[in-house]
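Trainee: Once you've had a glance at the structure underneath, I'll fire off some questions.
The values are calculated or read from the model by the stated rules, or taken from the named source; none is laboratory data. Everything numeric here is computed off the predicted structure, so don't read it as measured data. So basically every Cβ, Gly included, is an ideal-geometry build from the backbone, and we count neighbours across all protein chains shown.
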Amino acid sequence: MAQINPSILSADFANLAAEAEAVQGADWLHVDVMDNHFVPNLTLGVPVVESLHKATRTPLDCHLMIEEPDRWAPAYVEAGAGSVTFHAEAAAAPVRLARELRTKGARASMALKPATPVEPYEDLLPELDMLLVMTVEPGFGGQAFLDIMLPKIRRTRQLIEKHGLEMWLQVDGGVSAETVERCAEAGADVFVAGSAVYSAEDPAEAVRVLRAQAENARHTCR
């Protein structure tokens, strides 16, 4: 089933508890953690994740756009994240890190920037619960979807099926009513949507509409 994960990067940071409540019915709440080193932006860290975890029943999906995730990622599980994504480009020992995250009780996920191919990481896939294909350059919300990522999404889905894995395939960046169906048709099943949800008059309804679009597209292409 298609999952929609609203990104709080597009939410009102002064009212995060209320913004989390506004998307009730979402599968996960996507939390972008940026350190102003791996990407040129600074957002939030462990204390905010701890507070969010206490304020919402929606599970937290933390996307770490940071240097040294091997050092910092486990703390986000301890703060309450149910899924933690580290970047392949930043992790020194991705297999060890994925196993540590799983041991601590979280889903382990790895992200790839647009220019990073998936094929060199084929042997790592069984160690992961999810792979995130970035469909914009990480660092800022509100960017336009990169259509050139669709073949990469398809290749990733083919690798997942080749190995008979149950892992999820997530896309993040420019996901909206105009792009979600193409992503679903290419093989994605988890969709991060920021401005498409939080700019809507009814964010919870926007989540429902996006999920329905993605589900219809996935059934059509089967």
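Trainee: Mind checking whether some residue in segment 204-222 is modelled with pLDDT of 95 or more, among the β-branched types (Val, Ile, Thr) and within 21 Å of VAL33 (Cβ to Cβ)?
Mentor: No.
Trainee: Which residues, counting only those in segment 79-101, are under 25 Å from THR56 (Cβ atoms) and out of contact with any helix residue (DSSP H, G or I) (no Cβ under 8 Å at 6 or more places or on another chain)?
Mentor: Within segment 79-101, GLY82, SER83, THR85 meet the criteria.
Trainee: Go through segment 8-25 and report how many residues are exposed (fewer than 13 other Cβ atoms within 10 Å of the Cβ) and in a helix (DSSP H, G or I).
Mentor: Summing the residues that are exposed (fewer than 13 other Cβ atoms within 10 Å of the Cβ) and in a helix (DSSP H, G or I) in segment 8-25 gives 5.
Trainee: Picking from ALA204, ALA144, ALA212, ALA200, which residue would you name as being within 17 Å of the chain's Cα centre (by Cα), surrounded by fewer than 23 Cβ atoms within 10 Å (Cβ to Cβ), small (Gly, Ala, Ser) and over 25 Å from VAL84 (Cβ atoms)?
Mentor: Working: ALA204 fails: within 17 Å of the chain's Cα centre (by Cα); ALA212 fails: within 17 Å of the chain's Cα centre (by Cα); ALA200 fails: within 17 Å of the chain's Cα centre (by Cα).
Only one candidate passes the filter, namely ALA144.
Trainee: Starting from residues that are out of contact with any helix residue (DSSP H, G or I) (no Cβ under 6 Å at 6 or more places or on another chain) and assigned to a helix (DSSP H, G or I), keep the ones in segment 53-67 and report whichever is farthest from PHE140 (Cα to Cα).
Mentor: Among those that are out of contact with any helix residue (DSSP H, G or I) (no Cβ under 6 Å at 6 or more places or on another chain) and assigned to a helix (DSSP H, G or I), it is LYS54.
Trainee: Turning to a different aspect of this structure: Could we say that GLY164 is surrounded by fewer than 18 Cβ atoms within 10 Å (Cβ to Cβ) and at positive phi here?
Mentor: Against the criterion (surrounded by fewer than 18 Cβ atoms within 10 Å (Cβ to Cβ) and at positive phi), GLY164 qualifies.
Trainee: Next up: Counting just the residues of segment 109-141 that are over 25 Å from TYR198 (Cβ atoms) and of a type in the set (D, E, K, R), which one comes out nearest to the chain's Cα centre (by Cα)?
Mentor: The qualifying residue nearest to the chain's Cα centre (by Cα) is ASP129.
Results for (1) of a type in the set (Lys, Arg); (2) within 25 Å of ALA93 (Cα to Cα); (3) free of Cβ contacts under 8 Å to residues at least 12 places away in the same chain, shown as yes or no for each residue.
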{"site": "ILE8", "(1), (2), (3)": "no, no, no"}
{"site": "ALA22", "(1), (2), (3)": "no, no, no"}
{"site": "GLY25", "(1), (2), (3)": "no, no, no"}
{"site": "LEU29", "(1), (2), (3)": "no, no, no"}
{"site": "ASP32", "(1), (2), (3)": "no, yes, no"}
{"site": "ASN41", "(1), (2), (3)": "no, yes, no"}
{"site": "LEU44", "(1), (2), (3)": "no, yes, no"}
{"site": "LYS54", "(1), (2), (3)": "yes, no, no"}
{"site": "ASP61", "(1), (2), (3)": "no, yes, no"}
